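K.L.:
Take a look at this one; I'll ask things after.
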Amino acid sequence: MKRLKKFAYKPFRALTEHLKTVPVNHDTETLHQVRIDIKKIKAVLNLIHETRKKFRNHKRFLPFRAIFRKADAIRQSEVLTSLLTKYPEEGLQLPPTEHPPLETFESKVPNYLQTVKAQSEKLKPYLKKIKDRDIGRYLKHQYKKIQSKLYPHLALKDIHKTRKSIKAALFIAGSTDHLKKKKEKFYDTLQEAIGNLHDKQLLLQLLKKNDNDRHHHRALRTACAHDIRQIRGLAAGFYG
């Protein structure tokens, strides 16, 4: 039971520590940790909603989402710029980014910390009520939903949402000993493959928007097709 309570509170504490570290480290890697913490908080809120339908998980998540979007805009720009260097044959540059600089995010950290503290206090009564059986039911539902999107037919239009479900299941199950090693390895490999595909798809969309489709972007399209085949193969190998 102690581990269960630690699991519920851990992402809130981690988010606080990582936010404090952002103005110290001045790097986007710490922002990446902030993003991960908030994704874990969302998973916990969804878990509560799954067992207590009157709990408005979306409304509770909005203050955290506001922080996530600020961090994500800065981090995503760096990721896509780095990815483009792997495809020099595209011969293009990304359009100018519109996100605020890291310094702007750092200046708002005190406000973000106040938000996290206030919201976590409001959520304490719900966090205390999480039971092991709640986690079991939640994960069973998640596993079925994930499989339905992967096999026997891959739902490409929902692939990014499926990755979010996988990462939520990995966090909750992995933190509470509900995940077998074989499934954990499969999920981790799969979410990484989907993440690689998603980054390439975002880059492709930005390039197409910037050059009005004058280029075919063959290298990126080929890479995306390879990632999709890999994802289908992973799903078939696990579920087939």
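The values are calculated or read from the model by the stated rules, or taken from the named source; none is laboratory data. These figures come from a predicted structure and were not determined experimentally. Here Cβ is always computed from backbone atoms with ideal geometry, including for glycine, and neighbour counts include all displayed protein chains.
K.L.:
Can you go through Y126, Y112 and tell me which one is at pLDDT 85 or above, under 24 Å from the mean Cα position of the chain (by Cα) and over 28 Å from V24 (Cβ atoms)? Please lay out each step first, then the result.
P.N.:
On the way: Y112 fails: over 28 Å from V24 (Cβ atoms).
None of the other options fit; the residue is Y126.
K.L.:
Another question about this same structure. Taking the residues in the stretch 189-213 that are part of a helix (DSSP H, G or I) and out of contact with any helix residue (DSSP H, G or I) (no Cβ under 8 Å at 6 or more places or on another chain) as candidates, determine which candidate is farthest from L139 (Cα to Cα).
P.N.:
Of everything passing the filter in the stretch 189-213, D211 is farthest from L139 (Cα to Cα).
K.L.:
If you check every pair at least six apart or on different chains, which have Cβ atoms under 6 Å apart with a residue in the stretch 127-147 that is in contact (Cβ under 8 Å) with a residue 60 or more places away in the chain first and a residue that is polar (S, T, N, Q) and not in a helix (DSSP H, G or I) second?
P.N.:
What qualifies is I135/T176.
K.L.:
Continuing with the same structure: In the stretch 38-68, what count of residues is obtained for those that are in contact (Cβ under 8 Å) with a residue 12 or more places away in the chain and not in a helix (DSSP H, G or I)?
P.N.:
Within the stretch 38-68, residues that are in contact (Cβ under 8 Å) with a residue 12 or more places away in the chain and not in a helix (DSSP H, G or I) number 2.
K.L.:
Every residue in the stretch 12-24 that is under 20 Å from the mean Cα position of the chain (by Cα) and either at pLDDT below 95 or of a type in the set (D, E) (or both), please. Can you show your working first?
P.N.:
Here is the first cut: in the stretch 12-24, the ones under 20 Å from the mean Cα position of the chain (by Cα) are 12-19, 22.
Hits for the stretch 12-24 are E17, V22.
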